[in-house]
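Asker: This structure is in structure tokens; I'll ask about it shortly.
The values are calculated or read from the model by the stated rules, or taken from the named source; none is laboratory data. All values reported here derive from a predicted model rather than from experimental measurement. Quick reminder, even Gly has a Cβ in these numbers, built from the backbone with ideal geometry, and neighbours come from all protein chains shown.
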Amino acid sequence: MAGWPHPSPPEESRREAPSVAVVGRADAITAFRAVGLDVFAAEPGSDAVARVERLVADGYRVVFFTSELFGSLAPLLDRYRKSAVPCLVALPEGGGTESVARLRAAVRKAVGADVFAERSV
């Protein structure tokens with residue numbers, strides 16, 4: 001009896017919800033794909049706002065964005081300021097260990113796990 005005692009849920013309902021996205025100029029965000037993040041190109045203005053709103057609607061819990069989108073995304077930042085999810089985070093310019101630590105903390109807070117942690121093979 002196939003599916004006994006209960007039929008399996010449809011494939012799409014078993015997929016894990018997306019968790020982390022990066023939005024910004026294509027040349028600035030491509031490297032994030034190498035670490036397994038979903039990347040989405042967007043230009044400042046309504047393009048960036050629409051893209052981030054769509055990602056939030058699609059279930060992304062953390063959305064990093066490049067600094068040039070900050071002004072465009074200000075209304076969304078205000079809207080979600082007091083909620084844990086979605087967590088909208090501006091990517092720090094210049095990098096450095098303090099910036100990476102802030103990014104890890106933001107993701108850990110929103111996702112509940114350190115997705116950047118090193119894994120032993």
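Asker: Here is a list of conditions, (1) in contact with a strand residue (DSSP E or B) (Cβ under 6 Å, 6 or more places away or on another chain); (2) modelled with pLDDT under 85, and residue 29 meets all of them except one; can you say which number that is?
Answerer: Answer for residue 29: the failing condition is (2).
Asker: Farther than 13 Å from residue 64 by Cα, modelled with pLDDT of 85 or more and touching a Lys or Arg at 6+ places or on another chain (Cβ under 9 Å) - does that describe any residue in the stretch 5-17?
Answerer: Checked against the condition, which is being farther than 13 Å from residue 64 by Cα, modelled with pLDDT of 85 or more and touching a Lys or Arg at 6+ places or on another chain (Cβ under 9 Å), the stretch 5-17 yields no hits at all.
Asker: Which of the residues belonging to the stretch 72-87 are farther than 14 Å from residue 50 by Cα and assigned to a helix (DSSP H, G or I)? Outline the logic, then answer.
Answerer: Step one: filter the stretch 72-87 for residues farther than 14 Å from residue 50 by Cα, giving 78-87.
Correct list: 78, 79, 80.
Asker: Taking the stretch 55-71, which residues are assigned to a helix (DSSP H, G or I) and either crowded, with 17+ Cβ neighbours inside 10 Å or of a type in the set (D, E, K, R) (or both)?
Answerer: Matches in the stretch 55-71: 55, 56, 68, 69.
Asker: While we're on this one: State whether the residues of the stretch 39-56 include one that is more than 20 Å from residue 86 (Cβ to Cβ) and aliphatic (A, V, I, L, M).
Answerer: For the stretch 39-56, residues more than 20 Å from residue 86 (Cβ to Cβ) and aliphatic (A, V, I, L, M): absent.
Asker: Could you tell me how many of the residues in the stretch 48-79 are free of Cβ contacts under 8 Å to residues at least 12 places away in the same chain and farther than 18 Å from residue 92 by Cβ?
Answerer: 5
Asker: Can you confirm whether residue 120 is hydroxyl-bearing (Ser, Thr, Tyr) and modelled with pLDDT of 70 or more?
Answerer: No.
Asker: Name the residues in the stretch 75-89 that are among the aliphatic types (A, V, I, L, M) and either at pLDDT 95 or above or surrounded by 12 or more Cβ atoms within 10 Å (Cβ to Cβ) (or both), would you?
Answerer: 76, 77, 85, 88, 89
Asker: Residues to consider are 47, 58; find the one that is farther than 27 Å from residue 114 by Cβ, out of contact with any Leu (no Cβ under 6 Å at 6 or more places or on another chain) and modelled with pLDDT of 90 or more.
Answerer: Only one candidate passes the filter, namely 47.
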